[in-house]
Every structure is written in structure tokens, then in C-alpha cells.
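Quick note: the coordinates plus some simple rules give every number you see, no bench work behind them. A quick note: this is a predicted structure, and the numbers were derived from the prediction, not measured. All Cβ positions, glycine included, derive from the backbone under ideal geometry; neighbour counts span all protein chains shown.
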Amino acid sequence: MKCIICGSQDIQEKNVDEEIRFGNDIVMVNIDTLICGSCGERYYSRSTLKLLEEFEDKLKHDNLKLDVIGSVLRASNDLSKMATA
Ligand SMILES: [Zn+2]
């Protein structure tokens, strides 16, 4: 298998945190997936995608136990308006 982004053949299965948006929050979930060792592009198998979809579904409908590990913050200023002329 070759990376479609950078062409590297260094693609291996790794355990990573996948970030899933949930309203204003981001939920991290641990999965095994194929990752390009050169550019970091992630490749998901059909079964991994299904697992992630099922997890998103559970997030919405079940009362999953989630641990708070950080905050999602937003800058008050619009970056494009902060640019100096
Ligand atoms: Zn790559």
C-alpha cells in the first residue's frame, strides 16, 4: 500500500486517539488504524469507520462515561482582523 498524499510506503497500523466533534466538545477515542509514517495521513478500514460511526451514535444516545482531560477554547479575536497592514 502506498500513501495517496506523499507516496511513501511506510504505512503501519498504530494505536491513535481519534477526535470526534460532539457539539462544542471534542471526544477522543482510542483506535487502531493505518497511518503513513511519513506525512501522518490516516487510513480507515470499513470496519474501523463502522466502529467510529457506532461510537458517535452511542455518544448521542447513551450516557457514556467520559473523562474531562482539557478544554476547547476559542480566541476572542478574528485572526483575519488582527493581521497588521
Ligand atoms: Zn504519506
Self-check item: Which listed residue, of 80, 71, is part of a loop (DSSP other than H, G, I, E, B) and exposed (fewer than 10 other Cβ atoms within 10 Å of the Cβ)
Solution: 71
Quiz item: Using beta carbons and a limit of 7 Å, which pairs, at least six apart or on different chains, have the first residue in segment 1-24 and touching a residue at least 40 places away in the same chain (Cβ under 8 Å) and the second one of a type in the set (Ser, Thr, Tyr) and more than 12 Å from the ligand (Cβ to nearest atom)?
Solution: none
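Could you please find all residues in segment 55-67 being under 16 Å from residue 21 (Cβ atoms) and either without any contact (Cβ under 8 Å) to a residue 24 or more places away in the chain or not in a loop (DSSP other than H, G, I, E, B) (or both)?
Those that are under 16 Å from residue 21 (Cβ atoms) and either without any contact (Cβ under 8 Å) to a residue 24 or more places away in the chain or not in a loop (DSSP other than H, G, I, E, B) (or both): 55, 56, 57, 58, 59, 60, 64.
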Practice problem: Kindly list the number of the only condition in (1) loosely packed, with under 12 Cβ neighbours inside 10 Å; (2) in contact (Cβ under 8 Å) with a residue 24 or more places away in the chain that fails for residue 47. | Solution: (2)
Quiz item: Could you list, in sequence order, the residues of segment 22-40 that are surrounded by 15 or more Cβ atoms within 10 Å (Cβ to Cβ) and either of a type outside the set (A, V, I, L, M, F, W, C) or in contact with a Cys (Cβ under 8 Å, 6 or more places away or on another chain) (or both)?
Solution: 33, 36
Practice problem: State all residues of segment 25-44 that are touching a strand residue (DSSP E or B) at 6+ places or on another chain (Cβ under 8 Å), within 15 Å of the ligand (Cβ to nearest atom) and in contact (Cβ under 8 Å) with a residue 24 or more places away in the chain; if no residue qualifies, say none. | Solution: 34, 35, 36, 37, 41, 42, 43
Quiz item: Of the residues that sit in segment 4-21 and are surrounded by 13 or more Cβ atoms within 10 Å (Cβ to Cβ) and either within 27 Å of residue 74 (Cβ to Cβ) or of a type in the set (A, V, I, L, M) (or both), which one is farthest from the ligand (Cβ to nearest atom)?
Solution: 20
